[in-house]
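The values are calculated or read from the model by the stated rules, or taken from the named source; none is laboratory data. Small disclaimer: the values here were computed from a predicted structure and weren't measured. Don't worry about glycine lacking a Cβ; one is built from the backbone with ideal geometry, like all the others, and counts go over all protein chains shown.
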Amino acid sequence: MYLSVDLTNLREMTGGDSAIEQMLFVEFCKSAQGCVQGLTQFCTEGQAENWRKSAHAFKGIALNIGANQLSVLCKQAQDQHMADAATKALMLQSIKSEYALVEEYLSKIMG
């Protein structure tokens, strides 16, 4: 079964403290929304470095909570920051789709 988030490492770091986890999930969602906005804004020609920075930031926060597939997609976007706008739009759609799965998963466990 595919899981959008693997909480194993996060739970080891938090010692299973659900209050800390909840706080981290809320912060992740806030930061992720900013990253999606950045990628959307920079999904044009001439914005390669800004696109790369947004993808890099998103990759990091995804890894922090165990959203491994999302981090892979962000890494691809980061590595392909010189791609044309159409290619970036396809990458962005994949990132948004995976982020929606992560957000849905987190909302279920946050209650």
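Taken over segment 59-93, the residue count meeting the criterion of being assigned to a helix (DSSP H, G or I) and under 18 Å from LEU3 (Cα atoms) is 13. Annotation: ALA19 fulfils all but one of (1) aliphatic (A, V, I, L, M); (2) surrounded by 12 or more Cβ atoms within 10 Å (Cβ to Cβ); (3) over 17 Å from GLN76 (Cα atoms); the unmet one is (2).
Can you confirm whether VAL36 is out of contact with any helix residue (DSSP H, G or I) (no Cβ under 8 Å at 6 or more places or on another chain), within 26 Å of LEU3 (Cβ to Cβ) and in a helix (DSSP H, G or I)? When the stated conditions are applied, VAL36 does not pass them. Of everything in segment 3-33 that is assigned to a helix (DSSP H, G or I) and aliphatic (A, V, I, L, M), the residue that is farthest from ASN50 (Cα to Cα) is ALA19. What do you reckon, is GLU49 touching a residue at least 12 places away in the same chain (Cβ under 8 Å), in contact with a helix residue (DSSP H, G or I) (Cβ under 8 Å, 6 or more places away or on another chain) and among the acidic types (Asp, Glu)? No: the conditions fail for GLU49. Within the span defined as segment 94-108, every residue fails to be buried (at least 18 other Cβ atoms within 10 Å of the Cβ), in a helix (DSSP H, G or I), free of Cβ contacts under 8 Å to residues at least 40 places away in the same chain and touching a helix residue (DSSP H, G or I) at 6+ places or on another chain (Cβ under 8 Å). For segment 54-91: of the residues being within 10 Å of the chain's Cα centre (by Cα) and without any contact (Cβ under 8 Å) to a residue 12 or more places away in the chain, which is farthest from PHE42 (Cα to Cα)? Restricting to residues being within 10 Å of the chain's Cα centre (by Cα) and without any contact (Cβ under 8 Å) to a residue 12 or more places away in the chain, the top hit is LEU63. Scanning segment 34-47 for residues that are surrounded by fewer than 16 Cβ atoms within 10 Å (Cβ to Cβ) and at pLDDT below 95 yields THR44, GLU45, GLY46.
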